[in-house]
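Nothing in this text is a laboratory measurement; each read-out follows from the coordinates by a stated rule. Note that this is a predicted model, so its numbers are computed, not measured. Methodologically, a virtual Cβ is constructed for each residue, glycine included, from the backbone with ideal geometry; neighbour enumeration extends over all protein chains shown.
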Amino acid sequence: MVAGRFRSRTFRRVFRKTPGGNTVMHYALRKPSKAKCSICGSVLQGIARARPTKLKNMPKSRRTVSRPYGGNLCSKCMRQAIKNKI
């Protein structure tokens, strides 16, 4: 019988093949939702979609983009924000 905490759909079911040839079910945490622009709400490109513990071990270049407002605004809204600021 599976542990009670794995019965909810918080965990996704992943089938894994063991070295002995059996197929077993593992329970993995789901991925978080994609990062979105704070102004227009579009999905941000180049932002990793991973759990915080995985993000911590990732290099900074894979976590975020290297432009102003990277990780908060999409490129279109970033250009508008810079134009309005000047």
Helix 75-85 axis, angle to the chain major axis (alpha carbon atoms, nearest 10°): 30 degrees
Label-to-label distance, nm, for residues given as ARG9 and ASN22 (7 Å Cα→Cβ offset): 2.8 nm
Most mobile listed residue (ARG12, ARG63, ARG49) in the chain, GNM with C-alpha springs under 10 Å: ARG12
Cα-projected label distance for GLN80 with LYS54, points at 7 Å along beta-carbon direction, nm: 3.1 nm
More than 17 Å apart - percent of Cα-Cα pairs taken over the chain: 64 percent
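At 0.36 nm per residue, and after removing the present C-alpha to C-alpha distance, how many nm does the segment from SER33 to ARG63 gain when stretched out fully?
Numbers: separation 30, 0.36 × 30 = 10.80 nm, distance 1.45 nm.
Full extension from SER33 to ARG63 adds 9.4 nm.
Taking the Cβ of VAL24 as the centre, find all other residues whose Cβ is under 14 Å away and add up their charges (Lys, Arg: +1; Asp, Glu: -1). Write out the running numbers ahead of the final one.
On the way: positive: ARG13, ARG16, LYS17; negative: none.
With Lys, Arg at +1 and Asp, Glu at -1, the neighbours total +3.
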Interchain or long-range residues, amide H under 5 Å from SER42's placed H: CYS37
Under-5 Å amide H pairs with GLY71, H placed in peptide plane, nonlocal only: VAL65
Lys pairs, the chain - Cα-Cα below 23 angstrom, 8 or more residues apart or on other chains: 16
